[in-house]
Structures are given as structure tokens and as C-alpha cells.
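**Student:** Below you will find the structure I want to go over with you.
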Amino acid sequence: MEFLSKELQEYCENHSSNEPETLKKLNRQTHAQVLQARMLSGHLQGRFLAMISKLVQPKMILEIGTYTGYSAICLAEGLSEGGKLISIDVNPELEDMVNSYIKESGNEGRIQMIIGDAYQVIRTLPHTYDLIFIDADKASYAKYYDLVIDRLNSGGVILVDNVLWSGKVVEEKALLKDKDTQLLDAFNKKVKEDDRVEIVLLPIRDGITLIRKK
């Protein structure tokens, strides 16, 4: 769900930095050939992800949920010299497409895609992280958060996508009957009550929570 009108969305995009050509191509191909193309971060959110990454200048980034690789390429723009991004996704069908765009964007060797259950994969990785992006199965958000918060360096940032769930988090009927809405609402409350972090929930696209570890 877009919370801005189409005209305002376009105005914001037109007055933000341009979408890089490789990402424009990936955007078009995703919408033309891949199911559920609305999952793509897109121009405005992508520039936001890139901006946050450039401000953090992370050495290590973890992404939970790759889809077609758009957000990973955006986040990689801010990697410090010698930095690395690990992106985990359970779906192997898009792996070739993702890796082709990683190469085209000049990030071969800087972005590593791992196919598997993120909860299991993360537990095998030795790293700590400066920036983490969570954009996978919504029912597991709390589980992912609990798993990664101790692996996030002090001053590091977690970005969590789709936290407004098409506005359902404020709809009484959805809160009573829709399990995903209930779980996302519970997750939002959980993070708000965590005194280890500072947070702001932003109504960008379907909602992004920006979390900074103290």
C-alpha cells in the first residue's frame, strides 16, 4: 500500500536522487517477469536505503529477504572499503537473476547471496553487523530481531520493512482476525519497549522502522 497519492509519490521521486540505470533495468524486469512485483523496494525506498547505508558506512551488512536483489544493491552503495553484504533468501528460483544484477552493478565479491532458512543460516555465520535489513516472512520478524540484536554493533542500525502492513495495523477488524497483522502489531510494540534501542517508524511506502542500537 502506498500512503501517498500517485502524484505525490512521483513528486517525491522526481525530487530525490535518480534511480541508477542498473536498478531501473532491474525494476522493469521485476515488474515484467516476476510475481508479486510490489515487493520490490523501488525508487524512493531504494534511495532511502542507500542514504541510510551511506550515513552508517557499514563494514558488514545483513539482509534477510533478497527477492530480486534491488534492496541489496541499494544498501551496498554505502559499504565501506572492503565491506561485505550477506543477503539470505529461501527461494532459489531468483538466484540467477539476482547474481546477474549483482555483477552488472559492480558488486560481485561485495554481495553474497545465500539460499536457505535465514534463521538457521544466521546462526552459522561468525559476523557482527553495522546494518541489518529485515524484509522477509512477517510472522518471523520478532524471531529474526531476537536473533540479530546481539549481533548488531553498538551504534548500528536495523531497518524493518512492511511494518504498517497496508495500514492494517490500525484497522480493528484486521487486528482481531488477521494473524499477520496481529504479529506485526506485536512486533512493533516489542521493539518500542526495548530499552536497548532508539526507534522511529516512518510511513515510507508500506512503513519502515529505523532502529539504532545504543
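**Student:** Select from the range 119-157 the residues that are closer than 22 Å to Val90 by Cβ and of a type in the set (S, T, N, Q) and write down the one among them that is surrounded by the most Cβ atoms within 10 Å (Cβ to Cβ).
**Tutor:** This residue is Ser140.
**Student:** Additional query: Which one of these does Asp130 not meet: (1) in contact with a Leu (Cβ under 9 Å, 6 or more places away or on another chain); (2) without any contact (Cβ under 8 Å) to a residue 40 or more places away in the chain; (3) not hydrophobic (A, V, I, L, M, F, W, C)?
**Tutor:** The number of the failed condition is (2).
**Student:** Moving on to the next point. Among the residues that make up the range 166-176, is at least one of them under 23 Å from Lys84 (Cα atoms), surrounded by 15 or more Cβ atoms within 10 Å (Cβ to Cβ) and touching an Asp or Glu at 6+ places or on another chain (Cβ under 6 Å)? Let's see the steps before the verdict.
**Tutor:** Let us first name the residues in the range 166-176 that are under 23 Å from Lys84 (Cα atoms), namely none.
The answer is no, given that none of the residues of the range 166-176 is under 23 Å from Lys84 (Cα atoms), surrounded by 15 or more Cβ atoms within 10 Å (Cβ to Cβ) and touching an Asp or Glu at 6+ places or on another chain (Cβ under 6 Å).
**Student:** What helices (runs of 4 or more DSSP H) lie completely within the range 86-202 and have 3 or more residues being under 15 Å from the mean Cα position of the chain (by Cα), under 20 Å from Val56 (Cβ atoms) and not polar (S, T, N, Q)?
**Tutor:** It comes to 141-148.
**Student:** Could you identify the single residue in Ser100, Ser16, Ser41 that is surrounded by 15 or more Cβ atoms within 10 Å (Cβ to Cβ) and either hydroxyl-bearing (Ser, Thr, Tyr) or modelled with pLDDT under 95 (or both)?
**Tutor:** Criteria check complete, one pass: Ser41.
**Student:** Also, I was wondering about something else. From the residues in the range 44-62 that are of a type in the set (Lys, Arg) and within 18 Å of Ser105 (Cβ to Cβ), which one is surrounded by the most Cβ atoms within 10 Å (Cβ to Cβ)?
**Tutor:** Only one residue tops the list, namely Arg47.
**Student:** Now, a different point. All but one of (1) surrounded by 15 or more Cβ atoms within 10 Å (Cβ to Cβ); (2) without any contact (Cβ under 8 Å) to a residue 24 or more places away in the chain; (3) not aliphatic (A, V, I, L, M) hold for Glu81; state the number of the condition that does not hold.
**Tutor:** (1)
**Student:** If you don't mind, another one. Out of Ala72, Ala32, which single residue is surrounded by fewer than 15 Cβ atoms within 10 Å (Cβ to Cβ) and either aliphatic (A, V, I, L, M) or at positive phi (or both)? Walk me through it before giving the result.
**Tutor:** Details: Ala72 fails: surrounded by fewer than 15 Cβ atoms within 10 Å (Cβ to Cβ).
Answer to the check: Ala32.
The values are calculated or read from the model by the stated rules, or taken from the named source; none is laboratory data. Everything numeric here is computed off the predicted structure, so don't read it as measured data. Please note: Cβ atoms are built from the backbone with ideal geometry, for glycine as well, and neighbour counts cover all protein chains shown.
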